[in-house]
Amino acid sequence: MDCLTTELPFRIAGGLSSGSIIALIALGYTLVYGVLQLINFAHSEIFMFGTLTGMLTLNALTVAVPSAPGILLLAAALVPCMLISGFAAVGLERIAYRPLRRRGAPRLAYLISAIGASLFMANAVRLWRGSNPETYPTVIAVEPTIRLGDIKFLNRDVIVIVVAIVMMILLDQFVRRSRVGMGIRAVAQDAETASLMGVDIDRIIVLTFFIGGAMGGVAGLMFGFSFGRQMFDIGFLPGIKAFTAAVLGGIGSIRGAMLGGLSIGLIENISAGCFGTQWKDVSVFVLLVLVLMFRPTGILRQGQGQKT
Amino acid sequence: MKHRFTPLVAGTVLALFASACSSSGTSAAGCSTDDLAGSASGTAARLISVAAAKTHNLLAQAGGTVKVGFFGDLTGGNSALVTGSRNGAALAIEQRNTVGDLGVTVEFMPIDNKDASSDTAPSVEQKFIQDKGVVGVIGGAFSGETLAVGELFSEAGLAHVSPSATNPDITTHGWPFFRLLSTDVVQGAKAAALIDGLGCEAIAVINDKTDYGQGLADVVSAELAKLGTTVALTEGIEPTTDYTTLVASIEAAKPDLIFYGGYTKETSLIIKQLREAGVDALFMSGDGSKEQVIVDQAGAANAEGTILTCPCADPNVATDDASMKFVADYTAKYGAAPSIYAAEGYDAGLVMLEAIAASAEDGKVTRPEIVAFLEAADGLEGITKSYTWDDTGEIAGGVIIAYQVKDGKIVQLGSIDDLI
């Protein structure tokens with residue numbers, strides 16, 4: 001398609017930047033699905049906790065050390081965002097999902113619990129912070145920094161993409177090489193056998209939620225910093241896109257989530273250029289349907305039984 | 001008559017030279033607002049004293065309470081556009097209760113329709129309709145919610161006046177609805193005239209697909225077409241946070257000016273993301289964006305130069321006695337200066353009170369009498385204008401005022417008719 005090549009230079013920066021954030025959120029969905037076969041619909045609120053924590057941290061830091069360079073403040077804000085979102089996810093698991101696991105509840109119960117938790121968390125923040133949008137402090141003056149012909153990257157695009165790629169590489173390597181990572185893969189493959197092999201399932205699940213939540217926290221900070229806004233319902237739309245990305249890439253596959261996220265970001269942006277902004281969501285879902293028609297488990301997943 | 005044409009021409013020429021020599025590569029050299037002088041208080045605000053001048057026979061009535069309702073987005077994302085009119089109406093009612101010449105006490109009954117959702121508006125309306133004490137409603141604050149409930153009000157015979165809903169469709173149904181300001185047909189036409197007057201040639205017209213936003217943007221597009229100005233891009237967007245795709249599309253269209261029909265919650269994000277991407281073209285929006293919150297959320301540097309239109313005048317800069325008294329009273333009661341539509345909200349309270357006064361003369365305030373009074377009203381005095389409604393519920397005339405963001409504040413430039 002001719003439009004694809006003409007639009008790509010204009011859209012690539014925005015596509016990769018949005019796509020990176022979606023990919024980070026999608027990791028949370030895919031990790032939890034891998035170990036529990038559960039779609040954690042409350043993950044969008046874990047992401048929102050990230051934007052909220054980011055805003056509060058940056059507000060405090062800009063007051064405490066006003067002369068510090070913005071990039072350092074952002075880096076410093078990463079830690080609380082990851083921790084808060086990570087622990088929120090752990091708490092979510094303990095309150096909303098573990099009791100159901102103990103009782104051997106049907107899949108539907110998990111789904112309802114997830115939605116309930118999502119509503120609860122969003123409205124708790126709404127009660128606390130109000131319904132009006134809040135603004136991030138400006139720590140970095142955003143402007144275009146890289147121009148190669150028609151391609152233009154803003155400094156915030158570069159930051160978001162770099163942070164996201166680093167996080168994704170770290171996660172990928174962690175899951176592939178560490179003992180805990182091996183445990184996660186084992187539980188994802190076959191929980192019963194893994195426990196027979198001496199893997200503590202509960203611990204692995206908690207860690208999985210924490211890691212997924214932490215990724216969501218990073219995404220929250222990046223999103224909030226990019227657009228300068230925090231609101232109680234800011235997680236809703238990115239959450240849906242990320243879930244779609246996880247499914248597109250192959251739910252349960254970490255690399256699939258990354259691929260799905262970046263794909264959705266790029267497709268959204270390019271189709272907005274080709275067909276108009278009104279059609280970008282349609283394009284994404286049409287693509288999803290097409291992929292699932294020919295590869296029902298997503299792009300990177302093969303067959304029913306394997307889960308990696 | 002003041003001649004602004006010569007400075008306009010000189011200013012435009014200078015601006016063209018200035019921008020042609022400027023080093024910024026992305027902005028089109030088409031148009032700028034350097035030439036918009038504007039008068040400090042240039043409005044068509046009426047200077048009439050308020051209802052206290054009217055006297056009514058004090059009835060030997062047992063007293064009692066009637067209620068005047070209000071609904072709008074009081075706590076949601078666009079509440080900055082609504083709280084002013086709520087406060088203004090409450091002030092008017094409180095003042096009249098203190099005067100005490102109505103024979104009844106008027107109770108103000110505001111109900112929050114969060115985020116002005118058209119889905120939740122009907123249930124809010126039922127509360128007014130079913131409460132027999134409610135004789136009139138001020139609302140909705142936004143066009144979408146007003147359209148959603150007009151039928152219900154019509155069936156209940158309950159009069160409703162709006163200080164801020166500008167979509168022209170509302171008065172095409174024969175509802176007992178009375179509008180206190182000009183419609184978007186007028187606002188859109190004047191906005192287009194202003195764009196033309198600024199010399200802008202390629203325009204991007206964006207809307208948020210709400211009744212108000214899309215209605216206004218469509219009028220602007222149509223009027224621009226009549227004036228022979230090119231609309232380089234038309235987009236309807238879903239309100240969201242990430243406008244990367246919109247910004248890139250706007251950039252590709254290379255407009256001189258971007259017109260956005262929508263509300264503050266989205267406007268601030270769009271302005272911010274446009275400026276961050278390096279798009280310097282002029283940004284214009286309608287009354288739905290005219291609140292300080294867009295400057296706060298977009299950043300003063302990003303919002304600088306934004307033009308806003310409104311069928312409302314800013315009472316804070318008005319010099320007539322009625323407006324100045326209103327500003328003083330409002331600030332004393334609420335601790336802040338009147339925000340957008342506060343004066344119109346006050347007028348909404350006034351017209352309702354006048355209707356109640358007239359209806360109370362026969363001893364009982366009833367909904368049909370309120371409707372009849374408003375239909376027959378001729379030159380009803382408010383602080384922003386005097387009200388005479390035609391058969392459909394519209395007022396005649398109506399002035400559209402232009403504002404601009406300068407140094408982090410929204411400054412009134414004056415009536416668009418005076419500026420171009």
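The values are calculated or read from the model by the stated rules, or taken from the named source; none is laboratory data. None of the values given here were measured: they were computed from a predicted structure. Cβ coordinates were reconstructed from backbone atoms using ideal geometry, including for glycine residues, and neighbour counts include every protein chain displayed.
Summary of values
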{"quantity": "Answer from A:THR277, A:THR208 - the residue that is within 14 Å of chain B (Cβ to nearest Cβ), β-branched (Val, Ile, Thr) and either without any contact (Cβ under 8 Å) to a residue 40 or more places away in the chain or surrounded by 24 or more Cβ atoms within 10 Å (Cβ to Cβ) (or both)", "calculated": "A:THR277"}
{"quantity": "Any chance A:GLU45 is under 23 Å from A:GLY252 (Cα atoms) and charged (D, E, K, R)", "calculated": "yes"}
{"quantity": "Answer from B:THR306, B:THR319 - the residue that is among the polar types (S, T, N, Q), modelled with pLDDT of 95 or more and more than 15 Å from the chain's Cα centre (by Cα)", "calculated": "B:THR306"}
{"quantity": "Residue list for segment A:249-285, filter: in a helix (DSSP H, G or I) and more than 21 Å from B:ASP242 (Cα to Cα)", "calculated": "A:GLY249, A:ILE254, A:ARG255, A:GLY256"}
{"quantity": "All positions within segment A:122-180 that are within 14 Å of chain B (Cβ to nearest Cβ), farther than 14 Å from A:LEU52 by Cα, of a type outside the set (A, V, I, L, M, F, W, C) and outside any helix (DSSP H, G or I)", "calculated": "A:THR138, A:GLU143, A:PRO144, A:THR145, A:ARG147, A:GLY149, A:ASP150, A:LYS152"}
{"quantity": "Odd one out for B:THR267, checked against (1) more than 11 Å from chain A (Cβ to nearest Cβ); (2) surrounded by fewer than 24 Cβ atoms within 10 Å (Cβ to Cβ); (3) not hydrophobic (A, V, I, L, M, F, W, C)", "calculated": "(2)"}
{"quantity": "Close pairs from segment B:89-111: first within 19 Å of B:ASP329 (Cβ to Cβ), partner basic (Lys, Arg) and in a strand (DSSP E or B), Cβ under 9 Å, at least 6 apart", "calculated": "B:VAL106/B:LYS67; B:PHE108/B:LYS67"}
{"quantity": "In segment B:63-111, residue nearest to the other protein chains (Cβ to nearest Cβ) [restricted to those that are of a type in the set (Ser, Thr, Tyr) and within 23 Å of B:ILE129 (Cα to Cα)]", "calculated": "B:THR75"}
{"quantity": "Residue in segment A:14-37 that is nearest to the other protein chains (Cβ to nearest Cβ), counting only those that are surrounded by fewer than 24 Cβ atoms within 10 Å (Cβ to Cβ) and hydrophobic (A, V, I, L, M, F, W, C)", "calculated": "A:LEU16"}
{"quantity": "Tally, over segment B:145-170, of residues that are assigned to a helix (DSSP H, G or I) and surrounded by fewer than 20 Cβ atoms within 10 Å (Cβ to Cβ)", "calculated": "6"}
{"quantity": "Residue check for B:GLY398: closer than 26 Å to B:SER154 by Cβ, surrounded by 22 or more Cβ atoms within 10 Å (Cβ to Cβ), in contact (Cβ under 8 Å) with a residue 60 or more places away in the chain and within 21 Å of the chain's Cα centre (by Cα)", "calculated": "no"}
{"quantity": "Residues of segment B:195-232 satisfying the condition of being closer than 30 Å to A:ASN132 by Cβ and either surrounded by fewer than 21 Cβ atoms within 10 Å (Cβ to Cβ) or touching a Cys at 6+ places or on another chain (Cβ under 9 Å) (or both)", "calculated": "B:LYS209, B:GLN214, B:ASP218"}
{"quantity": "Residue count, segment A:125-140 (criterion: free of Cβ contacts under 8 Å to residues at least 40 places away in the same chain and among the aliphatic types (A, V, I, L, M))", "calculated": "1"}
{"quantity": "Residue in segment B:298-305 that is at positive phi, touching a residue at least 60 places away in the same chain (Cβ under 8 Å) and facing another protein chain (nearest Cβ under 10 Å) present", "calculated": "no"}
{"quantity": "Number of the condition not met by B:ALA358 [criteria: (1) of a type in the set (A, V, I, L, M, F, W, C); (2) modelled with pLDDT under 95; (3) exposed (fewer than 15 other Cβ atoms within 10 Å of the Cβ)]", "calculated": "(3)"}
{"quantity": "Enumeration of residues in segment B:297-323 that are assigned to a helix (DSSP H, G or I) and surrounded by 15 or more Cβ atoms within 10 Å (Cβ to Cβ)", "calculated": "B:GLN297, B:ALA298, B:ASN302, B:ALA303, B:PRO315, B:ASN316, B:VAL317, B:ALA322, B:SER323"}
{"quantity": "Scan of segment B:277-292 for residues that are surrounded by 22 or more Cβ atoms within 10 Å (Cβ to Cβ) and in a helix (DSSP H, G or I), ordered by number", "calculated": "B:ASP287, B:GLY288, B:SER289"}
{"quantity": "A:ILE161, sole failed condition from (1) modelled with pLDDT of 95 or more; (2) surrounded by fewer than 16 Cβ atoms within 10 Å (Cβ to Cβ)", "calculated": "(2)"}
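Yes/no per residue for (1) in contact with a Cys (Cβ under 7 Å, 6 or more places away or on another chain); (2) closer than 30 Å to A:GLY91 by Cα; (3) crowded, with 24+ Cβ neighbours inside 10 Å:
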site: A:GLY217; (1), (2), (3): yes, yes, yes
site: A:GLY220; (1), (2), (3): yes, yes, yes
site: A:ARG229; (1), (2), (3): no, yes, no
site: A:ALA246; (1), (2), (3): no, yes, yes
